[in-house]
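Undergrad: What follows is a single structure, and I will ask about it in a moment.
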């Protein structure tokens with residue numbers, strides 16, 4: 001059920017063997033020069049660029065919608081995947097507001113993360129710095145280009161974008177607005193560059209751009225992400241699946257549980273924070289599960305249920321083990337009845353992808369057990385998993401969700417797009 005990167009991942013290995021540098025190498029070199037200027041630019045200039053880009057997006061709204069209409073006309077995507085591709089005036093306005101929210105954030109560059117003085121008098125501090133050049137490979141969501149560009153501008157990084165063929169016209173129209181913002185702030189346009197077309201070789205070239213691209217962030221289906229993680233010669237920050245779970249504990253408020261599960265599954269089924277599996281406690285399943293199923297069915301949801309759930313609601317289709325491993329990105333919900341929080345955690349450990357999990361309960365001790373018992377990047381108590389989003393976390397937007405163990409986890413915003421250096425200040429000390 002995953003969207004695929006229009007076949008690009010299938011040619012990565014072959015294309016990487018080509019010796020002649022292509023257009024992405026040239027763009028990466030330009031981005032690297034721009035990154036040096038952006039890294040030392042004042043906060044006010046980067047914020048002006050974001051405000052100006054937001055204004056440019058609004059001014060170009062009709063042009064962007066026309067470009068998006070071309071992409072939609074050529075696309076064969078359906079349902080949730082088509083929704084990802086679709087832009088509306090409201091969504092363009094939301095993108096613009098996201099850029100303005102980023103501008104209002106504190107500058108992540110130059111933050112003193114920690115400082116201390118050694119017994120010999122040396123003063124040491126760790127200071128946040130930009131990563132450098134960030135490559136973003138994404139598929140059908142046109143807004144990813146604007147979010148990525150905005151976050152990189154704010155954090156002093158240059159960005160090299162490669163969108164999928166499905167969103168090519170939309171991505172280029174949005175890119176023009178982002179560069180207009182940079183021009184208005186007297187910052188280099190090369191801080192935000194985009195692949196000239198949808199040629200599949202551009203992906204492979206970015207994967208091999210060690211020394212030019214400092215970090216790769218793939219945004220797309222599992223096939224794309226796994227191949228990028230496998231073949232990249234550049235550090236990768238990504239998640240492959242969004243297998244999110246909501247566990248309704250025996251001490252849950254029934255009305256709250258129904259509202260949260262409905263929102264977590266059906267608000268937008270095609271996002272990675274959508275709940276794919278409902279775990280419901282055996283103690284309350286007989287009274288609560290039929291209501292939850294009816295709530296979701298009214299909005300077009302279908303189901304895959306284990307044997308215990310089907311004993312309670314006999315009309316539910318049977319689930320296979322593979323169903324519980326599937327990120328549906330659609331109006332399909334897996335259901336399993338579990339006997340307590342530990343069994344819920346065991347299920348998540350077996351089938352989850354370390355993305356986002358939620359518990360609904362009035363029992364604080366159980367909530368704490370659940371939140372400390374999972375290794376997922378985001379854990380929620382009495383809230384919808386659809387809140388796993390950079391804008392909802394106060395990041396303005398996010399460039400992706402990271403489920404790895406290093407550098408960043410969860411929604412990746414401006415602070416997560418910085419690294420650090422150590423600054424050491426002495427008074428003439430020499431080492432014996």
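Just so you know, all these numbers are worked out from the coordinates, no wet-lab data involved. Keep in mind that what you see is a predicted model, and the values were worked out from it rather than measured. All Cβ positions, even for glycine, are placed from backbone atoms using ideal geometry, and neighbour counts span all protein chains on display.
Undergrad: Starting from the Cα of residue 111, step 7 Å toward the Cβ, then list every residue of the stretch 33-48 with an amide N under 17 Å from that point.
TA: In the stretch 33-48, the label zone of residue 111 (backbone N under 17 Å from the point 7 Å along Cα→Cβ) covers 43-44, 47.
Undergrad: In what order do 281, 104, 199 fall by count of nearby beta-carbon atoms within 10 Å, going from fewest to most?
TA: Working: 281 24, 104 11, 199 17.
Ordered from fewest to most neighbouring Cβ atoms within 10 Å, 281, 104, 199 come out as 104, 199, 281.
Undergrad: Could you tell me whether the stretch 284-340 comes out rounded, prolate or oblate from its Cα gyration tensor? Rule is a ≥ b ≥ c as square roots of the eigenvalues, rounded for a/c under 1.5, then prolate if a/b exceeds b/c, otherwise oblate. Don't jump to the answer; show the numbers that get you there.
TA: Values: a/c = 1.78, a/b = 1.13, b/c = 1.58.
Taking the square roots of the gyration eigenvalues as a ≥ b ≥ c, the stretch 284-340 is oblate.
Undergrad: Further, regarding this structure: With a/c under 1.5 counting as rounded, go ahead and sort the stretch 8-240 into rounded, prolate or oblate using the C-alpha gyration tensor (a ≥ b ≥ c being the square roots of the eigenvalues; past the cut-off, prolate if a/b is larger than b/c, else oblate). Walk me through the numbers before you get to the answer.
TA: Numbers: a/c = 1.93, a/b = 1.26, b/c = 1.54.
It comes out oblate by the Cα gyration axes.
Undergrad: Something else: Starting from the eigenvalues of the Cα gyration tensor, five times each then square-rooted, give me the equivalent ellipsoid semi-axes of the stretch 244-387, largest first, whole Å.
TA: Three semi-axes, in Å: 19, 17, 15.
Undergrad: Compute the orientation-averaged projected area for the stretch 139-297 from the convex hull of its Cα atoms and round it to one decimal in nm².
TA: Details: hull surface 49.3 nm².
Mean projected area of the Cα convex hull: 12.3 nm².
Undergrad: Would you indicate which of (i) 65, 52, 39; (ii) 65, 55, 39; (iii) 71, 64, 43 is the value of Cα extents along the principal axes in Å derived from the coordinates of this structure?
TA: Label of the calculated value: (iii).
Undergrad: Whole Å is fine, so just give me how far the alpha carbon centre of the stretch 362-418 lies from that of the stretch 314-349.
TA: Here the answer is 21 Å between Cα centres.
Undergrad: What's the FRET efficiency of residue 421 with residue 97 using the Cβ-Cβ distance as r and R₀ = 30 Å, to the nearest 0.05? Write down the numbers at each step before the final one.
TA: Working: r = 33 Å, r/R0 = 1.11.
Once the sixth-power term is evaluated, E becomes 0.35.
Undergrad: Which order do the peptides 78-89, 256-267 come out in when sorted by mean C-beta neighbours inside 10 angstrom, highest first?
TA: Numbers: 78-89: 16.7, 256-267: 20.7.
Descending packing order for the listed peptides: 256-267, 78-89.
Undergrad: Based on the Cβ-Cβ distance from residue 368 to residue 307, what FRET efficiency comes out when R0 is 30 Å, to the nearest 0.05? Intermediate results must be reported in sequence, preceding the final value.
TA: On the way: r = 31 Å, r/R0 = 1.02.
Once the sixth-power term is evaluated, E becomes 0.45.
Undergrad: Return the calculated 222 nm mean residue ellipticity for the chain, to the nearest 500 deg cm²/dmol, obtained by summing -39500 (n - 2.57) across DSSP H runs with n ≥ 4 and dividing by the residue count. Mind showing how you got there, number by number?
TA: Details: 16 runs with 178 residues, N = 432.
Counting only the DSSP helices, I get -12500 deg cm²/dmol.
Undergrad: I need the peptides 283-295, 111-123, 335-347, 162-174 ranked by packing, meaning the mean over residues of other C-beta atoms within 10 angstrom, with the highest value on top. Could the numbers behind the result be given before it?
TA: Numbers: 283-295: 16.9, 111-123: 11.0, 335-347: 19.5, 162-174: 25.0.
Final packing ranking: 162-174, 335-347, 283-295, 111-123.
Undergrad: Distance in nm between label sites at residue 405 and residue 118, each 7 Å beyond Cα in the beta-carbon direction?
TA: 3.0
Undergrad: Where both partners of a DSSP beta bridge lie in the chain, what percent of those bridges are antiparallel, to the nearest 5?
TA: Details: 15 of 53 bridges.
In the chain, DSSP labels about 30 percent of beta bridges as antiparallel.
Undergrad: Given points 7 Å out from each Cα along the Cα-Cβ axis, report the residue 295 to residue 318 separation in nanometres with one decimal.
TA: With each label placed 7 Å out from Cα toward Cβ, I get 2.9 nm.
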